[in-house]
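Below: one structure, written as structure tokens.
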Amino acid sequence: MITRRHFVGSGLAAGASLAAPAFALANEPFKIDVKQAKEVEYKFQRQDVSYEANLPVGTIVVDSRKSWLFHVTAPGKATRYGVSLGKSAHAWSGVVTINKMAEWPIWIPAPYHIQVQPNLAKYLPAGMPGGPENPLGARALYLYKGDVDTVNRIHGAAKPEDIGEKRTAGCIGMLNVDVIHLYATVQLGTKVLMLT
């Protein structure tokens with residue numbers, strides 16, 4: 001089990017710009033509400049921070065207690081994002097890998113989604129096309145344990161009021177503007193550590 005004690009700190013450095021780079025948003029097929037980035041509590045707004053952890057550049061660390069996702073950008077530095085995480089019944093920890101990435105992905109409801117909302121069965125087997133109503137939002141990073149899809153994702157579509165809350169079914173939810181920013185800086189094979 002990976003715990004927070006494995007890592008030191010996340011002292012705040014100078015804040016980063018809230019908007020994703022203009023080039024990343026210019027050609028989106030659907031509108032991205034960049035104003036949402038200012039609607040979340042300040043501590044959950046995207047920021048460049050000091051992050052003293054002995055991890056390779058590129059590693060993603062999710063602090064489930066504080067609802068933060070850190071993307072290590074240089075030794076001692078990270079970009080910190082506020083996120084929405086799994087409710088207690090869907091909480092998890094450990095190390096996984098990003099083995100698939102998608103822009104405006106198709107969403108296929110899992111069995112537990114259909115148990116809660118039977119009407120979602122209409123999206124089986126093909127899935128819901130990407131778009132503003134899709135629960136995965138603008139981007140999805142698919143998390144695998146070895147060769148096995150965990151069915152958990154880092155994805156967009158979170159609303160400002162979701163950030164900092166336990167509202168997902170195990171996924172790591174982000175604002176669309178933030179997941180686009182993260183997606184542009186990660187690659188396949190990236191390690192993701194979920195801390196308890």
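Lys/Arg Cβ at +1, Asp/Glu Cβ at -1, dipole of segment 4-195 taken about the Cα centre: which of Ala121, Thr185, Val83 is farthest positive-ward?
After comparing all options, I get Val83.
Mind pulling up the Rg/Rh value for segment 32-103? Radius of gyration and Kirkwood radius, both on Cα.
Taking Rh as the inverse mean 1/r over Cα pairs, Rg/Rh reads 0.98.
How many lysine pairs does segment 4-195 hold where the Cα atoms are under 17 Å apart and the two sit 8 or more places apart or on different chains?
Count of close lysine pairs: 16.
Restricting to DSSP H runs of at least four residues, report the calculated mean residue ellipticity at 222 nm for the chain, -39500 (n - 2.57) per run over all residues, nearest 500 deg cm²/dmol.
-2500 deg cm²/dmol
Along its principal axes, what span do the Cα atoms of segment 4-195 show, with the longest given first and each in whole Å?
Computed over segment 4-195, the largest-to-smallest principal extents equal 47, 35, 28 Å.
So for Arg65, Arg139, fewest C-beta neighbours within 10 Å to most, what's the order? Please report the intermediate quantities before stating the final value.
Details: Arg65 9, Arg139 26.
So the residues, fewest neighbours to most, are Arg65, Arg139.
Which of the peptides 116-123, 164-171, 143-150, 37-44 is most tightly packed, and how do the rest follow, going by the mean number of other Cβ atoms within 10 Å of each residue? Before the final figure, lay out each step's value.
Details: 116-123: 11.4, 164-171: 18.4, 143-150: 13.9, 37-44: 15.5.
Result, highest mean first: 164-171, 37-44, 143-150, 116-123.
Please tell me the relative contact order of the chain in percent, rounded to the nearest whole number, where contacts are Cα pairs under 8 Å and at least six residues apart.
So the answer I get is 28 percent.
Under a plain spin-label model, where a point goes 7 Å from the Cα along Cα-to-Cβ, how far apart in nm are Val116 and Asn54?
Taking the two extended label points, one gets 3.9 nm.
Using a 10 Å cut-off around each Cβ, can you sort Trp104, Trp68 from fewest to most neighbouring Cβ atoms?
Result, fewest neighbours first: Trp104, Trp68.
Which value, in debye to the nearest 20, gives the size of the charge dipole of the chain about its Cα centre, when Lys and Arg are +1 and Asp and Glu are -1 at the Cβ?
In total the dipole reaches around 360 debye.
Between Met101 and Glu41, 0.36 nm times their residue separation minus their Cα-Cα distance comes to what?
Gain on stretching Met101 to Glu41: 18.8 nm.
Read the figures in this text as sums done on the coordinates, not as results from a lab. The model shown is predicted, which means the values in this text are computed figures rather than measured ones. In this analysis, Cβ positions are derived from the backbone assuming ideal geometry, glycine residues included, and neighbour counts consider all displayed protein chains.
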